[in-house]
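The values are calculated or read from the model by the stated rules, or taken from the named source; none is laboratory data. The structure displayed is predicted, hence computed values, not measured ones. Don't worry about glycine lacking a Cβ; one is built from the backbone with ideal geometry, like all the others, and counts go over all protein chains shown.
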Amino acid sequence: MRIEPLNDRHERGAFASGVEQLDRYFRTQAGQDVRKRVASCFVLVEDGESRPLGYYTLAATSLALADLPQTLAKRLPRYPSIPATLMGRLAVESGHRRRGLGQLLLLDAFTRTLRSEIATFAFVVDAKDEAASVFYTAHGFLPLTEDGRRMFVPMTEVAKLFA
């Protein structure tokens, strides 16, 4: 298996994760977002295959300093916002769940973000449902909003995973 940038040879039409919002985005919008440079999309494929088993997107974002937990915010410069990386979507084909592919995609996203030469303080996700919240919590994410759907992990913590 390998993870590579989305391109025109990837067969997206039959992708089905079981979350219609994620499936529809991948089938109809992901390619446009890549071409317009509003998001990068990476797909997991088996060697020699063009049908994605999963995907994720990355984009630049920012966090309001006031939204961070006080213990973190007090150690940062007093800018109104700080740079972050948003993983806007993460999905795995429903027939390939429970194989660790979601974790593989998440770790790849962490690695790409760490390798970037552009500064980012945190890695941010928007959990689409309770199952996603549980997944991200298990990987060290903390709630950023009261409803717990927007979550983050400081990049210093991500870096420790690879130390």
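Structure values in brief
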{"item": "Residue check, Arg115 among the basic types (Lys, Arg), at pLDDT below 90 and over 14 Å from the mean Cα position of the chain (by Cα)", "result": "no"}
{"item": "Selection count, region 34-52, where residues are among the aliphatic types (A, V, I, L, M), outside any loop (DSSP other than H, G, I, E, B) and either within 18 Å of Met87 (Cβ to Cβ) or under 16 Å from the mean Cα position of the chain (by Cα) (or both)", "result": "3"}
{"item": "Among (1) at pLDDT 95 or above; (2) of a type in the set (A, V, I, L, M); (3) outside any helix (DSSP H, G or I); (4) in contact with a helix residue (DSSP H, G or I) (Cβ under 9 Å, 6 or more places away or on another chain), the one test that Leu107 misses", "result": "(3)"}
{"item": "Answer residue from region 118-133, given it is buried (at least 20 other Cβ atoms within 10 Å of the Cβ) and assigned to a strand (DSSP E or B) and is farthest from the chain's Cα centre (by Cα) among those", "result": "Ala122"}
{"item": "Filtered residue count, region 53-76, keeping only those that are farther than 12 Å from Pro154 by Cα, assigned to a helix (DSSP H, G or I) and either small (Gly, Ala, Ser) or touching a His at 6+ places or on another chain (Cβ under 7 Å) (or both)", "result": "1"}
{"item": "Every residue from region 79-100 that is over 22 Å from Thr120 (Cα atoms) and either surrounded by fewer than 19 Cβ atoms within 10 Å (Cβ to Cβ) or of a type in the set (Phe, Trp, Tyr) (or both)", "result": "Ser94, Gly95, His96, Arg97, Arg98, Arg99, Gly100"}
{"item": "Residues that are modelled with pLDDT of 90 or more, hydrophobic (A, V, I, L, M, F, W, C) and either in contact with a Leu (Cβ under 8 Å, 6 or more places away or on another chain) or under 16 Å from Leu76 (Cα atoms) (or both), drawn from region 133-158", "result": "Met151, Phe152, Val153, Met155, Val158"}
{"item": "Leading residue by the ranking (surrounded by the fewest Cβ atoms within 10 Å (Cβ to Cβ)) among those in region 134-158 that are closer than 20 Å to Leu114 by Cα and in contact (Cβ under 8 Å) with a residue 24 or more places away in the chain", "result": "Leu142"}
